[in-house]
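Participant: Got a structure for you, written out below as structure tokens; questions coming shortly.
The values are calculated or read from the model by the stated rules, or taken from the named source; none is laboratory data. Worth saying up front: this structure is predicted, and the values here are computed from it rather than measured. FYI the Cβ positions are ideal-geometry reconstructions off the backbone, even for glycines, and counts take in every protein chain you see.
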Amino acid sequence: MIFHVSIEAENPKRVASVIAEIWEGVAVPLDRLVNGSWMAFWGENPLSAIEVFPQGTNITRSTDDTHWFSERTPGSRPTASHVALGTKLTEARVREIAARENWETKYVTRGDRFGVIEMWVNENLVIEWLTVDMQKRYEKSMKSNVAGAAKAS
């Protein structure tokens with residue numbers, strides 16, 4: 001189980017609030033770690049969350065028990081980091097919420113095995129949303145990958 005994932009955004013409150021809305025959960029400030037940070041909790045399981053830090057926040061090795069975030073570096077950069085999240089909302093509703101925020105979305109397939117709604121945030125962060133039907137195809141694809149890997153080893 002993944003308990004939380006951390007991402008960065010130009011406007012952490014806005015991004016966390018949208019994630020929480022699509023997740024049917026809540027967003028709360030996370031200033032105890034980095035000023036301006038927010039956390040979105042999944043409505044079905046509040047133990048699952050996405051931490052959203054200000055763009056450029058760096059994580060460094062801990063030197064004590066309390067602080068492991070360093071100062072932010074300016075600028076936006078492309079990143080391989082992204083997250084795929086499930087939602088009970090329809091594709092139309094996810095796209096409607098993204099359009100309200102002026103975020104680009106499109107439906108794409110991943111190797112003709114399953115589809116996702118790509119939601120581009122700040123031009124450098126993509127969140128992939130899977131509706132209930134998309135989740136079923138994703139699960140089937142991942143189970144097939146695991147079974148294939150087990151046979152090969």
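Participant: For region 38-54, name all the residues that are touching a Phe, Trp or Tyr at 6+ places or on another chain (Cβ under 9 Å) and surrounded by fewer than 22 Cβ atoms within 10 Å (Cβ to Cβ). Spell out the reasoning first.
Facilitator: Step one: list which residues in region 38-54 are touching a Phe, Trp or Tyr at 6+ places or on another chain (Cβ under 9 Å), which gives 38, 40-44, 47-53.
Matches in region 38-54: 41, 42, 43, 44, 47, 48, 51.
Participant: Keeping to region 1-17, report how many residues are within 17 Å of residue 100 (Cβ to Cβ), of a type outside the set (S, T, N, Q) and in contact with a Phe, Trp or Tyr (Cβ under 8 Å, 6 or more places away or on another chain).
Facilitator: Residues in region 1-17 being within 17 Å of residue 100 (Cβ to Cβ), of a type outside the set (S, T, N, Q) and in contact with a Phe, Trp or Tyr (Cβ under 8 Å, 6 or more places away or on another chain): 4 in total.
Participant: Whether any residue in region 81-94 is more than 22 Å from residue 45 (Cβ to Cβ), at pLDDT 95 or above, in a helix (DSSP H, G or I) and of a type in the set (Lys, Arg) is what I want to check.
Facilitator: Within region 81-94, none of the residues are more than 22 Å from residue 45 (Cβ to Cβ), at pLDDT 95 or above, in a helix (DSSP H, G or I) and of a type in the set (Lys, Arg).
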